[in-house]
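Taking it in order: structure first as structure tokens, then the write-up.
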Amino acid sequence: MKKLVVITGASSGIGAAIAKRFNAAGYPLLLVARRIEKLEALNLSNCLCEQVDVTDREAFSIVIAKAEAQYGPVECLINNAGVMLLGQVDTQDSDEWQKMFDVNVLALLGGMQAVLSPMKKRNSGTIINVSSIAGRKTFSNHAAYCGTKFAVSAISENVREEVADFGVRVSTICPGAVETELLSHTTSDDIKDGYEDWKQTMGGALVADDIARAALFIQEQPQQVCIRELLVAATRQQ
Ligand code: NDP
């Protein structure tokens with residue numbers, strides 16, 4: 001029988017696609033995001049939808065306990081929630097740096113802390129952290145965002161080493177450009193236009209389900225097999 005999977009940022013883009021893939025594969029789900037109406041609109045069975053800002057660690061822990069009371073212990077946590085606010089360091093509002101580090105890095109650490117102790121006790125469990133190709137190489141206007149994603153990749157690998165002896169897996173997915181809402185929150189129209197042009201030069205970005213298949217592939221390996229990192233990008237992306 002499939003066990004509970006928690007997916008953060010499931011209200012759009014990659015997280016919503018992962019929710020659909022895992023639901024179709026028979027996993028009970030806890031879906032978390034701020035826009036509860038978008039979670040509920042996915043209309044998935046065997047699924048608890050909860051309105052949570054992942055930077056609120058207490059609220060996140062409470063809904064995990066609620067889901068566990070219904071479905072049993074968390075088998076897999078997919079830390080997918082993220083924000084990308086592109087800008088140049090000399091002009092970008094520092095509140096945007098704070099927001100990206102709070103959501104992309106600190107909330108991801110908080111999510112892992114909420115589930116890892118019981119996973120270690122059970123000698124079973126999987127964490128899948130969504131980093132980025134921007135966690136492997138830099139891009140113009142991405143300084144703070146790249147900082148968060150390099151941090152996600154480093155933290156994930158470090159935690160993997162910490163929990164490996166307990167039979168717990170930690171994997172990182174590094175997507176290349178994917179067509180989602182992610183870019184829309186950047187405030188500079190010039191930067192957004194440049195990004196759209198760049199996607200055209202590669203003949204278009206991936207779709208969210210391309211990443212969802214990668215996440216399901218990681219989870220469905222036997223527990224003794226850990227895919228440490230998957231970088232998935234459009235064939236023509238440089
Ligand atoms: P979207 O903007 O479509 O989705 C982001 C998700 O994160 C939404 O569901 C949003 O939900 C959620 N989220 C943001 N802030 C919070 C918060 N404080 N609390 C709870 N949920 C939050 O973008 P993507 O699907 O593209 O992004 C998913 C992940 O993939 C991110 O980590 C991103 O960095 C990464 N990624 C994306 C790439 C791309 O090209 N699209 C490339 C590489 C990595 P809500 O607003 O309802 O709270």
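Brief remarks follow.
- Near pairs, Cβ below 6 angstrom, 6+ apart or cross-chain, from region 51-68 (under 14 Å from residue 102 (Cβ atoms) and modelled with pLDDT of 95 or more) to any residue that is of a type in the set (S, T, N, Q) and buried (at least 19 other Cβ atoms within 10 Å of the Cβ): 54/8
- All positions within region 78-129 that are among the polar types (S, T, N, Q), surrounded by 14 or more Cβ atoms within 10 Å (Cβ to Cβ) and without any contact (Cβ under 8 Å) to a residue 60 or more places away in the chain: 92, 104, 129
- Residue 89 vs. criteria of a type in the set (A, V, I, L, M) and within 16 Å of the ligand (Cβ to nearest atom): no
- The number of residues in region 69-91 that are within 25 Å of residue 183 (Cα to Cα) and out of contact with any helix residue (DSSP H, G or I) (no Cβ under 7 Å at 6 or more places or on another chain) comes to 3.
- Test: residue in region 37-57 that is of a type in the set (Gly, Ala, Ser) and closer than 22 Å to residue 107 by Cα: no
The values are calculated or read from the model by the stated rules, or taken from the named source; none is laboratory data. What you are looking at is a predicted structure, and each value in this text was computed from that prediction instead of being measured. We place every Cβ from the backbone using ideal geometry, glycine too, and count neighbours over all the protein chains shown.
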